[in-house]
Amino acid sequence: MKCIKTTLACLMAVIVFLLSGCGAVNSDTKSTASKESTSDTTVKSTKTQRHKVIIDTDAGSDDAAALVLAATSEQLDILGITVLYGNVPLENAAKNALMTLELCDVEAPVYIGAKKPLKKEREEMISVHGEDGMGDQDLIHPKRSAEDGDAVDFILDTIKSDPGEVEIIAIGPLTNIALAVMKDPDTMKLCKRIWVMGTTGFGAGNATPVSEFNVYSDAEAYDTVLRAELPMTVLGLDMCAIEEVMLTNDEMTKMAQGNAKGVYMSKAFTKLFAFEQENGNNMMIPDPIAVACLIWPDMVLETKTCYGEACVGNDAAYGQIVLYQKGSIYEAMPKIGSYNLEVVTKIDAKLFMDGFMSVMTD
Ligand code: RIB
Ligand code: CA
């Protein structure tokens, strides 16, 4: 009888251990998947499991800061960069990405993608990042050129060659991603996860009161990607508007006196910082925070599981992403897709800023 009890007790212990190790990023609770395990074995396996990523970017100055964080992280294996219109014209985006990679001694290939949105005409707007997207400081003289291939083909070929392993960090409009979904939806279903800087999250927009710039640039692209129901982690503008993750004169001064990356970025931020200061604000840096969600997972304190619906009508709601939280009263309503979005709703601001300034000044 005793051995049966002992066996049962052992069995229960095994079940409890297995369950405790199966945490996932839960809505409304502290993210557990991002918590590094204390056991050496798990930590070692975590260190060897670098994320294989493609970074899709419209290569303005905050995108460049995101590329610096990505290029200097042990967590990422950058397979390639795909660029598109957005902050700046396409040719500037390619050069800005190439120059930033060169600064960080990273040889990842750069592929050129969409030069305009899926449907609407690209609106020429003042680039708050400067004419060249990098503060107009004569910084951009890359030695390398972009690859001859097309960005969408690079995305599809890379995912197809390593099914279930490749992740995309999307920090501009989603036009390239939408074109890949439209061209080969089955291959895009093999993408492990898309980490997106975009949407207002649960806050206000910066392109319109209800729309964030990356979505507003091509809401039809967001609609296409959302309907593909790919696993996505979404960093909305609301998280970037937290005071403690915005750059002030103090950080700008420290960066200007920092290492080569800090000096480069303080110059690249010249125009964006001036634009924000003229409006009485400190400077948001959305794209590096999006990269930090992946390279510094403990920064993400909470996510909400949602599904999202893009507004693409010809009205004031254009570019709004309506986020329906799982488990809310909206569950009863008819849905377009699944609850495939993990929307970041709490971050450790100090962890981010300490990490960001360390990359720029140590
Ligand atoms: O709204 C902020 C986003 O729009 C950032 O990605 C910025 O670089 C611009 O692309
Ligand atoms: Ca961007």
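Every number here is computed from the coordinates shown, using simple stated rules; none is lab data. Since we're looking at a predicted model, the values are computed, not measured. Don't worry about glycine lacking a Cβ; one is built from the backbone with ideal geometry, like all the others, and counts go over all protein chains shown.
Here are some notes:
- With 10 Å bins beginning at zero, the pair-distance distribution over Cα atoms of the chain amounts to 5, 25, 34, 23, 8, 3, 2, 0, 0 %.
- Taking each of LYS192/LYS304; LYS192/LYS267; LYS115/LYS346; LYS119/LYS183; LYS119/LYS192; LYS116/LYS304 in turn, the alpha-carbon distance tops 24 angstrom for LYS192/LYS267; LYS115/LYS346; LYS119/LYS192; LYS116/LYS304.
- The trypsin sites (Lys or Arg not before Pro) of region 127-192 that meet both conditions, a loop assignment by DSSP and at most 16 other Cβ atoms within 10 Å of the site Cβ, are LYS143, ARG144, LYS189.
- A cut-off of 5 Å between modelled amide H atoms, ignoring neighbours fewer than 5 places along the same chain, links THR82 with ILE55, ASP56, THR57, TYR111.
- The chain, relative contact order in percent, only Cα pairs under 8 angstrom and at least six apart counted: 19 percent
- Hydrodynamic radius by Kirkwood, which averages 1/r over all alpha carbon pairs of region 219-362, in angstrom: 17.1 Å
- With N counted as the residues of region 208-259, its alpha-carbon radius of gyration over 2.2 N^0.38 Å works out to 1.65.
- Calculated P(r) of region 53-127 - Cα pairs past 18 Å, %: 35 percent
- Summing charges over all other residues whose Cβ lies under 12 Å from the Cβ of LYS160, with Lys and Arg as +1 and Asp and Glu as -1, gives -4.
- The chain, helix-only ellipticity at 222 nm - DSSP H runs n ≥ 4, -39,500 (n - 2.57), divided by all residues, nearest 500: -11500 deg cm²/dmol
- Averaging the sequence gap over all C-alpha pairs within less than 8 Å and six or more residues apart, then dividing by the number of residues, gives region 260-328 a relative contact order of 18 percent.
- Span-rule helices in the chain, defined as complete DSSP H runs reaching 24 Å or more along the axis (Cα) with Kyte mean at least 0.5: 2-20
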